[in-house]
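Asks: One structure follows; several queries about it will come next.
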Amino acid sequence: MAHEETVYEALDHAHGGEGHWAFGTGFDEPLAGVDTTVPDGVDPAELGEYCLMLGDDALVLAQRLTEWITASPELEEEVAVANVALDLLGQARLLLARAGSVGVLGRSRELATGSIPDEDALAYFRDADEFRNTALVAAPNGDFAQTIVRLLVAATVRLAVFARLRESRDPVLAAIAAKGVHELAYHRDHAARWLLRLGDGTAESHRRAQDGVDAVWPLLADVFSATDLERRLTAAGVAVDPSSTREEVRSVLTEVLERATLRLPEWPAEAPPRGRLGEHGPEVAELLGALQGLARQHPAATW
Amino acid sequence: MSSSTLDRPTPPDEAALQALFDATIAAGHRIEPRDWMPEGYRKTLVRQIAQHAHSEIIGMQPEGDWLLAAPSLRRKAILLAKVQDEAGHGMYLYSAAETLGADRADLTDKLIEGKQKYSSIFNYPTLTYADVGVIGWLVDGAAICNQVPLCRSSYGPYARAMIRVCKEESFHQRQGYELLLTMMSGTPEQRAMVQDAVDRWWWPSLMMFGPPDDDSPNSAQSMAWGIKRHSNDELRQRYVDMSVPQAEALGVTFPDPELSYDAETGHYRFGAIDWEEFKQVISGHGPANAERIARRRAARDDNAWVLEAATAYAAKQEAAA
């Protein structure tokens, strides 16, 4: 009895060690202790908008992946999907906090009270037309094959951008990218390994994988299209022009699809970057409804 | 007991094995997978560990229902990490059951077919975000009271699994309580949400310790085998004694007019538990039983083609190697 009470005591109190907190769950402000000075010659409003583009992609994809929790093919996949979603959520929090730190909050503060941190004001109190994500990350999941194809494509694109972004003149973006590339390399690897199994598994899995590829490929149309803002920030040494990643992404995806015995669809014709300008299909408003509903019911609450 | 006893040229007879097993238990030492054990011991353990593993996996659902709507990004990350831990606990426990000759897929089938049970607490719905905090505080708190003694269970793999599970559960409990503290310092609506959630979860959490000792048929044998260390009522009392001061610190009350401190015994007395409700819920008539099993079944059936693909791919790779 005495022994157990000691054990319980130990379990109950001895875990002040923050090592038990998953990344992104800490009590600190996400950018605490980071130098958030905006580099010379860079418009803070443009830097903030760019952070929203990268942050919204991560937040929206994390939300989509979270829809798989308790519905995954295996327990190992529950853990893996949650891992990927947690990584992306962590990236989103840092990027949204960075946008807030340079004063880019859109209309979010019209609804969010002062006690709500910037990252939450931006995530919960912007409407769809203020979200800057691409259609690639917002599309509904489809089945497991389509989910995996989308994750492969999104992780490949984001990894190519983040690898270049490590050289950004903005120290915060450079630091977020340096951490993110390790995460994204894992996401891409996880998706690629699954796609090999699905493509070269059974007749049914091959068909589903090919259907997934065919459904996701058109979403590549605007992924490499830069906005004027991205071009200006790229010239200033802060951002990455997505068109500079096109060949690398094509070559990676081509190789994975070949090894997975899947047919490579036509590359879609380039389309203007609508998502980056806040033009979305109805699926974004729907996704945001699920994300934001509770927080908006209690705008004065702290959680 | 070491496996070398089984490697003798002439295997000892069953009576000798039983005597060695009994001596191991009596000495407080652990039984390991390759040791001889009575069939009843093996079956009881498989049943208990599987039930525990199922509870972890089904337990992902009530909280998982709030993952998409978590009201801040920090809370979303905390909840996602917690639900992920539960999947990890399930895997860990199914592995412990597999050391006894069980098979995870088979155990999952038994769960879905209603042949094995899971903790009845997870058949209650989560109506507000305060439920997420109350599950962490009370449900995980009760689970910890039940499980800490299992860290000394006589079966080695189970005991070792429980050490890790308990560490993470205690962390979840702290997070749940911290959410409630935050909500109690928030708006009047938030405080009302917390009290409402406590009102709904308190009695079901007391039922987590199982039927009263005079109505718990398997307990005596499990205690003799060192699978179970304390009676249901003992653990329940410990949980009540621990929780009342925590409720006071939080600023909520438990929905039990008979709850009072007994200075003579040093324990809190509490009112009668509605065991009829417990029987209804555990026999499949709780508010969410059908939904919980339907979702687990859908995860298995809708994705069966994925596992078939992985198996086929592995076979091709092996053939090519």
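The values are calculated or read from the model by the stated rules, or taken from the named source; none is laboratory data. Source: prediction; values computed, not measured. No Cβ is skipped: glycine too gets one built from the backbone with ideal geometry, and neighbour counts run over all protein chains shown. Please note that ligands, DNA and RNA were not included when accessible areas were found on the heavy atoms of the full protein model with its side chains. Shrake-Rupley method; radii C 1.70, N 1.55, O 1.52, S 1.80 Å.
Asks: Please go through the stretch A:29-76 and give me each residue that is within 9 Å of another protein chain (Cβ to nearest Cβ), buried (at least 21 other Cβ atoms within 10 Å of the Cβ) and in a helix (DSSP H, G or I), ordered by number.
Replies: A:L59, A:A62, A:Q63, A:T66, A:L75
Asks: Restricting to the stretch A:152-167, give me the number of residues that are open to solvent by less than 40 Å² (accessible area, probe 1.4 Å) and either part of a loop (DSSP other than H, G, I, E, B) or within 14 Å of chain B (Cβ to nearest Cβ) (or both).
Replies: 0
Asks: Hey, another quick one. Is one or more of the residues making up the stretch B:130-140 open to solvent by 20 Å² or more (accessible area, probe 1.4 Å) and closer than 16 Å to B:M60 by Cα?
Replies: Scanning the stretch B:130-140 turns up no residue that is open to solvent by 20 Å² or more (accessible area, probe 1.4 Å) and closer than 16 Å to B:M60 by Cα.
Asks: Looking only at residues in the stretch B:153-171 that are within 10 Å of another protein chain (Cβ to nearest Cβ) and of a type outside the set (K, R), which one is most open to solvent (accessible area, probe 1.4 Å)?
Replies: By that ranking, first place goes to B:I163.
Asks: Is the stretch A:124-139 home to any residue that is open to solvent by 10 Å² or more (accessible area, probe 1.4 Å), within 11 Å of another protein chain (Cβ to nearest Cβ) and either at pLDDT 95 or above or under 27 Å from B:Q61 (Cα atoms) (or both)?
Replies: There is no residue in the stretch A:124-139 that is open to solvent by 10 Å² or more (accessible area, probe 1.4 Å), within 11 Å of another protein chain (Cβ to nearest Cβ) and either at pLDDT 95 or above or under 27 Å from B:Q61 (Cα atoms) (or both).
Asks: Return the residue satisfying two criteria in turn: it lies in the stretch A:223-282 and is β-branched (V, I, T) and under 20 Å from the mean Cα position of the chain (by Cα), and of such residues it is surrounded by the most Cβ atoms within 10 Å (Cβ to Cβ).
Replies: A:V223
Asks: A further question follows. What tally of residues in the stretch A:107-123 results from selecting those that are touching a residue at least 40 places away in the same chain (Cβ under 8 Å) and away from chain B (no Cβ under 14 Å)?
Replies: Residues meeting the conditions: 0.
Asks: Additional query: Mind checking which pairs have a first residue in the stretch A:287-303 that is at the interface with chain B (Cβ under 9 Å from one of its Cβ atoms) and a second that is open to solvent by 30 Å² or more (accessible area, probe 1.4 Å) and assigned to a loop (DSSP other than H, G, I, E, B), Cβ under 6 Å, 6 or more apart or different chains?
Replies: These pairs meet every condition: A:A290/B:L68; A:A300/A:T113; A:T302/A:S115.
Asks: Is it fair to say B:L73 is touching a residue at least 12 places away in the same chain (Cβ under 8 Å) and either within 12 Å of another protein chain (Cβ to nearest Cβ) or among the aliphatic types (A, V, I, L, M) (or both)?
Replies: Spelling it out, it is not the case that B:L73 is touching a residue at least 12 places away in the same chain (Cβ under 8 Å) and either within 12 Å of another protein chain (Cβ to nearest Cβ) or among the aliphatic types (A, V, I, L, M) (or both).
Asks: Report the residue count in the stretch B:208-244 for those that are under 27 Å from B:Y177 (Cα atoms), open to solvent by less than 60 Å² (accessible area, probe 1.4 Å) and without any contact (Cβ under 8 Å) to a residue 24 or more places away in the chain.
Replies: 3
Asks: Can you list the helices (runs of 4 or more DSSP H) lying wholly within the stretch B:226-316 that have 2 or more residues being in contact with a His (Cβ under 9 Å, 6 or more places away or on another chain)?
Replies: B:232-250
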